[in-house]
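Inspection log for the structure reproduced underneath, given as structure tokens.
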Amino acid sequence: MTRLKVLLAVLLCLLPAACASSGEARAFPEGSTMARIRDRGWLLVGIKFDQPMFGYKDPATGRITGFDAEMARLVAKDLTGSERNIRFVETVSRERENFISQQVVDLVIATYSITEARSQLVTFTDPYYYAGQDLLVRAADTRIDGVSDLADKKVCTAKGSTSVERLLGELSRENLAIVDGYSECVPALLAGHVDAISTDDTILLGLQEQHPSALRLVGKPFGKEPYGMGIRKHDTAFRDYLNGLIARWLADGQWDRAYRDTIGVSGATSDQSKPARR
Ligand code: GLU
């Protein structure tokens, strides 16, 4: 940058509106989580690394891709002025509450369903996405067309998830193979060690896309899964701030852009997934 440009940028930043629009970090109440993150200069996000379309670490580039990653980048941009000011920490389902309460991360954005039980331990934002639980099976296996066909089958799912809880309402513990991350279920399904993988439909769609001819999404969602961002219990100022951001993205096209660039690439549509504008 030339000296003149630097001088102009500094002068512009004396005007708050101009400063915000030039990408500088916003003002936040002293002592708030927002101010702390802004002063640190980067956001620490717990996310999945093995769920294509939501949170996925691209093995070739190391970049974290997916809808949850896009949501996280928008938060980082608003807090620090740049979406690049972000660090992602792999957070499997069963670690989410621990990582939030032990402050390993500032927030968790990880296909994290809002539930009563979890709300005893962490605080959730409003829903930013709706999923439904579904089944992924081998394409050639015609025996399974819904949950009622699982009685004598082995189903793989992840520990600490609502998926495991809902399955336990239908099946016995012996029917389940419970692992840390859903991607671990894929080789087991392909090899015939399990008969199905069960979790949220869009997570399964991401896994199916990696084996389009070998795997089939049953496509009969059961149960509704509202995804919220999880933060430290009682941090209502941070929650209100994040709720404001989510409401803005739903209205200004950022939500749609994030969907289009990630899940939408598969041809899926957002009708059932997009929360109503608030
Ligand atoms: N959304 C469900 C949950 O929060 C299942 C997906 C996941 O484990 O991330 O438990």
Can you tell me the length gained on complete extension of the stretch Ser82 to Ala237, counting 0.36 nm per residue apart and subtracting the Cα distance? 53.6 nm
Inter-label distance for Asp149 and Gln210, nm, one decimal - labels placed 7 Å from Cα along Cα-to-Cβ: 2.4
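Around Ala258, with a cut-off of 13 angstrom between Cβ atoms, what is the net charge of the other residues, counting Lys and Arg +1 and Asp and Glu -1?
That works out to 0.
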C-alpha center-to-center spacing [the range 179-249, the range 54-125] in angstrom: 13
How large are Rg and Dmax for the range 28-104 when only the alpha carbon atoms are used, in Å? 12.9, 41
Rounded to the nearest 500 deg cm²/dmol, what is the calculated helix-only ellipticity per residue at 222 nm for the chain, with -39500 (n - 2.57) per DSSP H run of length n ≥ 4? -9500 deg cm²/dmol
Among DSSP bridges having both ends in the range 105-251, what percentage is antiparallel? Round to the nearest 5. 75
How much length is gained if the chain between Asp256 and Glu90 is pulled fully straight, taking 0.36 nm per residue apart and subtracting their Cα-Cα distance, in nm to one decimal? 57.2 nm
Cα-centred dipole magnitude for the chain, charges only on beta-carbon of K, R (+1) and D, E (-1), debye, nearest 20: 880
Share of antiparallel DSSP beta bridges in the chain, in percent to the nearest 5? 65
Which residue fluctuates the most in the chain, going by a Gaussian network model with Cα springs under 10 Å, if the choices are Leu136, Leu168, Leu205? Leu168
Using the basic label-point model (7 angstrom from Cα toward the beta carbon), what is the Ala140 to Trp42 distance in nanometres? 4.7
Which chymotrypsin sites (Phe, Trp or Tyr not before Pro) does the range 112-198 hold that lie in a coil by DSSP with at most 10 other beta carbons within 10 Å? none
For the chain, take the alpha-carbon Rg, divide it by the Kirkwood Rh, and send me Rg/Rh. 1.03
Ordering 143-153, 66-76 by per-residue average of other C-beta atoms within 10 angstrom, highest first, gives 66-76, 143-153
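Which of the three applies to the range 164-217, rounded, prolate or oblate, going by the alpha-carbon gyration tensor with a ≥ b ≥ c and a/c under 1.5 meaning rounded? Show your work: numbers first, answer last.
Working: a/c = 2.03, a/b = 1.54, b/c = 1.32.
Prolate, because a/c is 1.5 or more and a/b exceeds b/c.
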Please state the shape class of the range 133-237: rounded when a/c is under 1.5, otherwise prolate if a/b exceeds b/c and oblate if not, all from the C-alpha gyration tensor. prolate
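Add +1 for every Lys or Arg and -1 for every Asp or Glu among the other residues with Cβ under 14 Å from the Cβ of Ile100, and state the total.
Neighbour charge sum, excluding Ile100 itself: +2.
So which DSSP H runs in the chain come out at 15 Å plus along the axis (Cα) with average Kyte-Doolittle of at least 0.0?
Length and hydropathy pass: 67-80, 236-252.
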Got a sec? What order do Val45, Val89 fall in by accessible area at 1.4 Å, biggest, i.e. largest, first? Val89, Val45
So, in nm, how far is label Leu168 from label Ala191 when the simple model puts each one 7 Å beyond its Cα toward the Cβ? 2.6
What does the net charge come to around Trp249 if you take all other residues with beta carbon closer than 12 Å to its beta carbon, with K and R at +1 and D and E at -1? +2
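The values are calculated or read from the model by the stated rules, or taken from the named source; none is laboratory data. Please read these numbers as outputs of a predicted model, since none were measured by experiment. Methodologically, a virtual Cβ is constructed for each residue, glycine included, from the backbone with ideal geometry; neighbour enumeration extends over all protein chains shown. Accessible surface is based on the protein model in full, side chains and every heavy atom, while ligands, DNA and RNA are left aside. Shrake-Rupley method; radii C 1.70, N 1.55, O 1.52, S 1.80 Å.
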